[in-house]
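The values are calculated or read from the model by the stated rules, or taken from the named source; none is laboratory data. It should be emphasised that the depicted structure is a prediction, and the values quoted were computed from it without experimental measurement. Cβ: placed from backbone, ideal geometry, glycine included. Neighbour counts: every protein chain shown. The protein model used for the area step is the full one, side chains on, heavy atoms only, and it has no ligands, DNA or RNA in it. Shrake-Rupley method; radii C 1.70, N 1.55, O 1.52, S 1.80 Å.
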Amino acid sequence: MWEFLKTNALEVGIFGSLASIVAVLVGGSIPDWIRTLFAKPAPPEQPKPPRIDVITMTPQQFAQTQREMLTQTQAEVEKTHGAERRQLQDKIDELNRRLANPEEALSQQHAKILDLEARLERLGNRIGGDRLTAARDALRAGDFTLANDIFAEVDAARELDVQEAASAAFGLGEVAEAQVRWADAATHYDKAARLNPTFDTLNKAREFAWRSGDYATALRHGEDLLELARKLDDQEKLSLALNEHAITLQDTGRFDEAEPLYLEARDITREVHGTTHPDYATALNNLAGLLRATGRFDAAEPLYREALEIGRKVHGAAHPDYASRLNNLAALLRDTGRFDEAEPLFRDALEIDRKVNGTAHPDYASRLNNL
């Protein structure tokens, strides 16, 4: 009778009742040995369907897998909207393309898997043999998940390496800049910008390529800087990028392209900082420089004088920025034949740079040349 109950009680609905009776008899708690005795045996594990190696798969088998995927995707697309629906529709289009020529599609899949296996092989030292084997086996079964995870991990680690290398290159650029080795600074900043094109690296790379006379590189970095600044939605950075790129455009004779950038930079700076800020003086000075370069001296002179006055009030009459403003106004006076007015300004600018930068600095050389 006991054996009969053990075997059949669940099916006739009394096995649980017997367990409850035992619980009452032993004081409300079922001992472990009774739980084991009454436990329902676990169902046998269902065998998993065999995985088909994509490399040895026939075109007919491949087409069948694509049809199954297509049916599943078509069912999913009915439940989605917007961007997700468009992505699923793209997937349906691709699956239909494969089904139109399964032999060619399977060949493409073979090539892709073999290429991925080779790439994983080159990462063997990073990921270990067991994981490499598991990823390869999964690829052969049409499962790209493990390979994707491995590549993502390596990419993230590599990104950290790249950022560290960019930071080191930027540091080398700062050292070279401090030592007035501008050609070396340009090389280091260029590398930093290529490895990690942030606003700071691109700005420095443009400036020192320009200082070194490498206008082609300066233009490239200036374009990238301006594009990034517009994406950042930061008006101050946008104003700076506009000015910097316009300087290079002007120095390469592209005045028509430079002028609207200078005007935009001036308007942004005036709106953000007002008309007494040194950045506004810079915007005025740069615009005046272009007007002077294109022969519009009457329009340029008041802008130079306004920028000079702002610099005097903000920085004082012994600052290198003030020297730069003096130099620019003096150059305009020279260009218009007013040499008696220009000479004392050139001399004042030269003396400021001698005191601030010393006689071995490129800016001092420039002041000497102008005088």
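Quick notes on this one:
- Residue list for the stretch 162-187, given a label point 7 angstrom along the Cα-to-Cβ vector of LYS231 and an amide N cut-off under 17 Å: 163
- Count Lys and Arg as plus one, Asp and Glu as minus one, and take only other residues whose Cβ is under 13 Å from that of SER212; the net charge is then -2.
- This structure gives volume of the Cα convex hull per residue in Å³, computed directly, and of (1) 321; (2) 174; (3) 143 that value is listed as (1).
- Reach of LYS204 by Cα under 15 Å, taken over aspartates and glutamates that are not fewer than 8 positions away in the same chain: GLU174, GLU177, ASP184, ASP190, ASP214, GLU223, ASP224, GLU244
- The stretch 279-329 and the stretch 158-191 have their alpha-carbon centroids 31 Å apart.
- Value of [θ]222 nm, deg cm²/dmol, for the chain, DSSP H segments ≥ 4, -39500 (n - 2.57) each, nearest 500: -26500 deg cm²/dmol
- Fraction of accessible area attributable to carbon and sulfur, the chain (%, probe 1.4 Å): 52 percent
- Annotation: peptides 112-121, 224-233, ranked by per-residue average of other Cβ atoms within 10 Å with the highest first, follow the order 224-233, 112-121.
- Kyte-Doolittle at least 0.0, axis length at least 15 Å by Cα - qualifying DSSP helices, the chain: 15-25, 145-178, 278-293
- Solvent-accessible surface of the chain, averaged per residue with a 1.4 angstrom probe and all protein chains in place: 59 square angstrom.
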